[in-house]
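Engineer: The structure is given below, and queries will be raised subsequently.
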Amino acid sequence: MSGDSVAQPSSEAPDPRSGTPRRSRRRRQLAWAIPAAIVAILTAVLPHLDLLAGEVIPVLQALVPVGAVVLALLAVVLLIARAWVGALILFLGAVLAVVPTLTPMRGAPECEVHTPLTVLSFNAKFAHADPAQLAALIRSERARVVILVETDEALIDAVLHRHGLDTVLPYRTREVTPGGVNGSVILSAYPLHDEEDIPGSVFDEVTAIATLPDGSRMRVAGVHPPSPVGQPHDWYRGLTAIDEWLQRTPDSRLVVAGDWNSSFAHPVFRRLASSLRDAEQAAGPIPWPTWPQEKPVPAFTAIDHILARGAMPTDWASFHIDGSDHRAVVGSWRLCAPAH
């Protein structure tokens, strides 16, 4: 009819890059990004939580390095799935989570370092560790200070007398408390003057003054706070007691080592170690795991440490010894010249 207009089809084809397909891609990115953000934030915040929540928080903190690796692997999976935003979030979460757990790389002390010292620290697991292997390791690494925790007099006697180290390490701290898990001892090539245990400890935490060949002195301590598993409050109090003891102990040269049952993933341990150097920094910032050994899963957490004040680490290594679920750790140091 005249006056009526007839609609003409549009000559413009729809843009395949717009509309529903684009909205679908956005929804897919958002669907991955939201759960990724939740997981990444929880993982990144975990190493900063100075809480117990029973034993849940400390146990999860020990797993942060493993969790960071898992996040990084998930980020790769999301990249393959082209979920770019979720992948980026997970990767950032992994980085933020792992940074606090790294071994601090502290600079050289402001002193002249000269005297060499090799320290071995080992948890003998209820004194069940193989004494022959332990003695052989002490001899091969030329350790001059040895700190044993979870030991007893029978194991100490076997290492020193049956395997011939009584002339290499002729000095020791007091007789250990019976019970396997309770006993700690310092064995030394240098004369020792026993001091009181670190107060507030559940297990033996022995301390002594060592007189070095040049006549100078150095304080040594062997520590073993309880595990957070099953006894989180004792664990926290034990680490706090060591921290308080360190603050009251102004020695310019100090070595404190043992099974700390904690890593740099735990805020309470980071505070304690903030003024000390860890021998493991000689092996780089990655905290090489020391526990658990002899399990179906590989070792995943670094809880055995040799810390020092007034010294610079020059080497670090860990070793398996049959009968224990901990690796023995050996740290070599250069001590500061004694203050005059």
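Engineer: In nm, to one decimal, how far is the modelled label at Val45 from the one at Asp130, with both set 7 Å along Cα→Cβ?
Structural biologist: Modelled inter-label distance: 4.7 nm.
Engineer: Next up: Tell me, how many Å apart are the Cα centres for segment 74-140 and for segment 211-251?
Structural biologist: 20
Engineer: Moving on to the next point. Give me the number: length gained by fully extending Val99 to Ile38, i.e. 0.36 nm times residue separation minus the C-alpha to C-alpha distance, one decimal in nm.
Structural biologist: Details: separation 61, 0.36 × 61 = 21.96 nm, distance 1.88 nm.
Computed gain between Val99 and Ile38 is 20.1 nm.
Engineer: Compute the angle between helix 64-80 and the longest alpha-carbon principal axis of the chain, please, reported from 0 to 90 degrees and rounded to the nearest 10.
Structural biologist: In the chain, helix 64-80 runs at an angle near 30 degrees to the longest axis.
Engineer: Further question on the same structure: Just Arg172, Arg22, Arg139 to compare: in a GNM of the chain, with alpha carbon springs under 10 Å, which one fluctuates most?
Structural biologist: Arg22
Engineer: On to the next question. Which of Lys125, Lys295 has the fewest other C-beta atoms within 10 Å, and how do the rest follow up to the most?
Structural biologist: In increasing order of surrounding Cβ atoms, one gets Lys295, Lys125.
Engineer: Just want the ordering: Glu55, Glu150, from fewest to most Cβ atoms lying within 10 Å of their own Cβ. Working shown, then result.
Structural biologist: Working: Glu55 16, Glu150 28.
Going from least to most buried by this count: Glu55, Glu150.
Engineer: Which of the listed residues, Ala308, Gly179, Asn123, is farthest toward the dipole's positive end in the chain, when Lys, Arg count +1 and Asp, Glu count -1 at the beta-carbon?
Structural biologist: Sorting the options by dipole projection puts first Ala308.
Engineer: Would you mind checking the tilt of helix 131-141 against the longest principal axis of the Cα atoms of the chain, expressed as 0 to 90 degrees and rounded to 10?
Structural biologist: For helix 131-141, the angle is close to 80 degrees.
Engineer: Could I have the simple spin-label model distance between Val202 and Val77, label points 7 Å from Cα toward Cβ, reported in nm to one decimal?
Structural biologist: 3.6
Engineer: I would also like to ask the following. Can you tell me the length gained on complete extension of the stretch Ile286 to Glu55, counting 0.36 nm per residue apart and subtracting the Cα distance? Don't jump to the answer; show the numbers that get you there.
Structural biologist: Details: separation 231, 0.36 × 231 = 83.16 nm, distance 2.52 nm.
Extending this stretch completely gives an extra 80.6 nm.
Engineer: Continuing with the same structure: With unit charges on the beta carbon (Lys/Arg positive, Asp/Glu negative), name the residue among Leu63, Thr240, Ala135 whose Cα is farthest towards the positive pole of the charge dipole of the chain.
Structural biologist: Leu63
Engineer: In a GNM of the chain with a 10 Å cut-off on Cα contacts, which of Leu42, Leu137, Leu92 has the highest mean-square fluctuation?
Structural biologist: Leu42
Engineer: Cut-off 16 Å, label point 7 angstrom out along Cα-to-Cβ of Glu195: give me the residues of segment 302-340 whose amide nitrogen falls inside.
Structural biologist: 307-311, 339
Engineer: Report the full-extension gain for the segment Arg139 to Leu30: residue separation times 0.36 nm, less the Cα-Cα distance, to one decimal in nm. Show your work: numbers first, answer last.
Structural biologist: Numbers: separation 109, 0.36 × 109 = 39.24 nm, distance 5.98 nm.
Stretched fully, the Arg139-Leu30 segment lengthens by 33.3 nm.
Engineer: Go ahead and set up a Gaussian network model of the chain, Cα springs under 10 Å, then flag whichever of Leu169, Leu74, Leu102 fluctuates most.
Structural biologist: Leu74
A short reminder: the numbers here are calculations on the coordinates, not readings from a lab. Owing to the predicted nature of the structure, the values given are computational and were not obtained by experimental measurement. Heads up, the Cβs are rebuilt from the backbone with ideal geometry, glycines too, and the neighbour counts pull from every protein chain shown.
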